1. Would you mind checking which residues have amide H under 5 Å from Gly127's amide H? H placed 1.01 Å from N; only 5 or more apart, or other chain.
2. Between Phe31 and Asp106, what FRET efficiency comes out of the Förster formula 1/(1 + (r/R0)^6) with R0 = 22 Å and r the beta carbon distance, rounded to 0.05?
3. Place a point 7 Å from the Cα of Thr275 along the Cα-to-Cβ direction; which residues of region 248-264 have their backbone N under 11 Å from it?
4. Give me, ordered by chain and number, the residues 5 or more places off Asp173 or on other chains with an amide H under 5 Å from its own placed amide H.
5. With 10 angstrom as the radius, rank Ser187, Ser251, Ser219 by how many other C-beta atoms surround their C-beta, starting from the fewest.
6. Could you list Arg204, Arg113 in order of exposure, starting from the residue whose Cβ has the fewest other Cβ atoms within 10 Å?
7. Would you mind classifying the chain by shape? Square roots of the alpha carbon gyration tensor eigenvalues, ordered a ≥ b ≥ c; an a/c under 1.5 is rounded, otherwise it is prolate if a/b is larger than b/c and oblate if not.
8. Suppose each label sits 7 Å from its Cα in the direction of the beta carbon; what would the Asn155-Gln282 distance come out to in nanometres?
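Bear in mind that the values in this text are calculations on the coordinates, not laboratory data. What you see is a predicted model; the values in this text were computed from it and never measured. Neighbour counts are summed over all protein chains in view; Cβ atoms, including those assigned to glycine, are modelled from backbone coordinates with ideal geometry.
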Amino acid sequence: MADPIGKFILRKLRQIFIWPIEAAIVFVMYFAARLLPVPAASWILGAFMRLLGPMTPWHKRARRNLIAAMPDLEKTDQDKILTAMWWNIGRVIGEYPHIAALTRKDRVEFVGRENLRGLTSGGFLIGAHIGNWEIGPYAAITVNQPVVAIYRPLNNPLLAGLLERRQANYGGDIYRKGREAALGMVSALKKGQFMCLLIDQKLREGMVVPFFGRDATTSISYIKLAVRKKVPVMYMHTERLAGCRFRVTISPPISLPDVEDDASILELATEINGTLEQWIRQRPEQWFWPHRRWGKDI
């Protein structure tokens, strides 16, 4: 059914006026950060987002999500977490042009890379939007394992080049979320590549799995494929330690069920969501709380 004329006009106005303005702002921030040393870019963008973030609509959504997930927090603790969250998001933006350089400047401590060395089967590295999540795949890249990624197209297509630049650093293929990604998983495993997945976001498809005690649609396709192809699934846990210093921990392979029936998949998916929840509880200020993880009901 066609959109009402009002929505159609608003969409066209956004495409004509808002998208170019958004793109101009992002590219100015990107190239300004690129010209600065990493610590300066990280600090300045962190300070900027710490001021800007609470004034956006996403701040209210982040607070609602935080209350839903951790209802026992006092308001003062909520405020501290959310303020630090915007600081972390700004730092991620400032560090984005320098991601590859960060790993060459001894700013990233890699733990568990031995779990990746010598593997030829390919597999899955699963993580969450914690710390600077863009650094996680370098645990594989630095031991000569090419990385495949799935992306969700940005609402503003004028910014698509930023995703292409990221994947150029990763050295592997990139697949659009949806059917293309499903086929890409199979292709990546045939090539013996590792697919990095951030599995803490809401999907339209998947299985309903508890997350912070609430139902959350959760990706399970990679679990089924790993069971079917008998390839490893490992956690990829990224933490910001202080400033522009990070730790990326790669776990040993997760124990997979022998069969891919719904009960077995649900049990493992629940265990995985529980692990992500532990990470977030340890460092709640480093998780991306504005995302609609539980849908529009919160």
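1. Correct list: Leu197, Leu198, Ile199, Met236.
2. Values: r = 26 Å, r/R0 = 1.17.
Calculated transfer efficiency: 0.30.
3. Residues 250-256 fall inside that zone.
4. Here the answer is Ala149, since their amide H atoms fall under 5 Å of that of Asp173.
5. On the way: Ser187 14, Ser251 17, Ser219 23.
Ascending number of Cβ neighbours within 10 Å: Ser187, Ser251, Ser219.
6. Working: Arg204 7, Arg113 16.
Final ranking by Cβ density, sparse to dense: Arg204, Arg113.
7. Numbers: a/c = 1.31, a/b = 1.21, b/c = 1.09.
Judged from the Cα gyration tensor, the chain comes out rounded (a/c under 1.5).
8. Those two pseudo-labels are separated by 3.3 nm.
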